[in-house]
Amino acid sequence: MARVLLSYRDHASPTGGGAVHGYHVVEQLRRLGHTLVSAERSSDPRLEHRPRTPASLLPMLREADVIYMRCHVRAWDEALLVLNRATFRRPVVVEVNAIAEEQYSHSESLWTHVRVAVERFQFQKIVGFADAALCVSQPLADFIRATYPIAPERVHVVPNGGIPAPELPPPRGDRPFRAVWAGFARWPWQAVDTILRASRPLAERVPDAEILLYTDARPGEYAAWPAVRHRAPLPHARMREALQQADAALCLYRPMRRSPAGFYNSSLKLFDYMAAGLPVVASALGQICEVVEDGVSGFLVDDDPRAVAEALEKLAVDPERAREMGARARARVAEHYTWDHVGARVAAVFESLGVPPGRARTSRNP
């Protein structure tokens, strides 16, 4: 088995969505039989911890078989890569899950332009040290191949994953139709306003329908919108229970402003919804179109409130069809998009770099 030097900021047990990917990457590397060493300032018991000091860099590199890093702008990461290049030249695998231009969706101030320029340069420099780059979607991989200093064949697509639920949500019975959405309302690409505007035509067509928003907005912010019910954000592990009480889920986005990579996201919530056995009403963008089979495991829609309402209405008036689509959604994740699939793709990249193989254990889905 290999000793993996992990440089990854968010990987502890996730309370929100931010650390979910990192948490499962660690789980998969351990499932594959590897030992993980890190100098991150966290208490993750799954790792061997080392001091985060300049003196610890060389001993960690000497012990390592491979470096696994998420592309962040951090002096520690850059020092690690420079020292590795100058000494042991261990294979380097870098995850690229975002681009610097994402910041334009928050602001287009002069300061934002400066930050984007600096971070773009640093991201490219980090990827330039990599022997392999892992991208969460095909659009992102295409962008990295075209604009970053790395050979195209070293760029690999590794989408996010989900954990299929043991069983489908219970039949709706006599209770009202319920659709769910979870996320941070403050991000403009989440298209929460489209959900709100879809609530009016939905309420006209399905008067008792409910749209539950698990979000960080103020409780009274959505009071004027029919069918909309505000819920406080839940830890990621508790969302599974909430999804078991729903009939459908919303996964709506709009492209980030000025994104040269287009819509490159790999939506964690999409895989969670489908893995729970829910049919999804999802944006017809990027990787979502690869994952959701339109009319089979969900409905793909444009950024149009009436189209969203019509799709939800189809699911509300035909519970049996909705349940069948949910079953197909769960099967789709089980066949192609579990975290074990993520682990298998990472293992293939390791093998291509000559990293010693581990001894895979049975998956332990947390």
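The values are calculated or read from the model by the stated rules, or taken from the named source; none is laboratory data. Bear in mind that the values here come from a model prediction, so they are computed numbers and not experimental data. As a convention, Cβ positions derive from the backbone with ideal geometry for all residues, glycine included, and neighbour counts pool all protein chains shown.
The criterion of being out of contact with any Gly (no Cβ under 8 Å at 6 or more places or on another chain), touching a residue at least 40 places away in the same chain (Cβ under 8 Å) and within 27 Å of Lys314 (Cβ to Cβ) does not hold for Ala261. Taken together, the criteria exclude Glu324 from residues that are of a type in the set (Asp, Glu) and closer than 18 Å to Glu210 by Cβ.
Residue-by-condition table, conditions (1) surrounded by fewer than 21 Cβ atoms within 10 Å (Cβ to Cβ); (2) in contact with a Ser or Thr (Cβ under 9 Å, 6 or more places away or on another chain); (3) assigned to a loop (DSSP other than H, G, I, E, B):
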site	(1), (2), (3)
Pro260	yes, yes, yes
Asn265	no, yes, yes
Met274	no, yes, no
Arg306	yes, no, no
Ala311	no, no, no
Arg321	yes, no, no
Ala334	yes, no, no
Asp340	yes, yes, no
Gly343	no, yes, no
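Residues in segment 78-104 that are more than 28 Å from the chain's Cα centre (by Cα) and among the hydroxyl-bearing types (Ser, Thr, Tyr): Thr87 only. Would you be able to tell me the number of residues in segment 64-122 that are small (Gly, Ala, Ser) and in a helix (DSSP H, G or I)? The qualifying residues number 6.
If you check Leu168, Leu196, Leu212, Leu202 for being assigned to a strand (DSSP E or B), modelled with pLDDT of 95 or more and not polar (S, T, N, Q), only one passes: Leu212. Of the residues making up segment 229-258, just one is in a strand (DSSP E or B) and touching an Asp or Glu at 6+ places or on another chain (Cβ under 6 Å), namely Arg229. Here is a check on your reading of the model: is Glu102 more than 25 Å from Leu80 (Cβ to Cβ) and among the charged types (D, E, K, R)? No; evaluated as a whole, the condition is false for this residue.
When only residues in segment 72-94 that are without any contact (Cβ under 8 Å) to a residue 60 or more places away in the chain and buried (at least 19 other Cβ atoms within 10 Å of the Cβ) count, which is nearest to Ala133 (Cα to Cα)? Spell out how you get there, then give the answer.
From segment 72-94, those without any contact (Cβ under 8 Å) to a residue 60 or more places away in the chain are 73, 75, 78-79, 81-89, 92, 94; that's our starting set.
Filter again for buried (at least 19 other Cβ atoms within 10 Å of the Cβ), leaving 81, 84, 92, 94.
Values: Leu81: 14, Asn84: 17, Val92: 9, Val94: 5 Å.
Here the residue is Val94.
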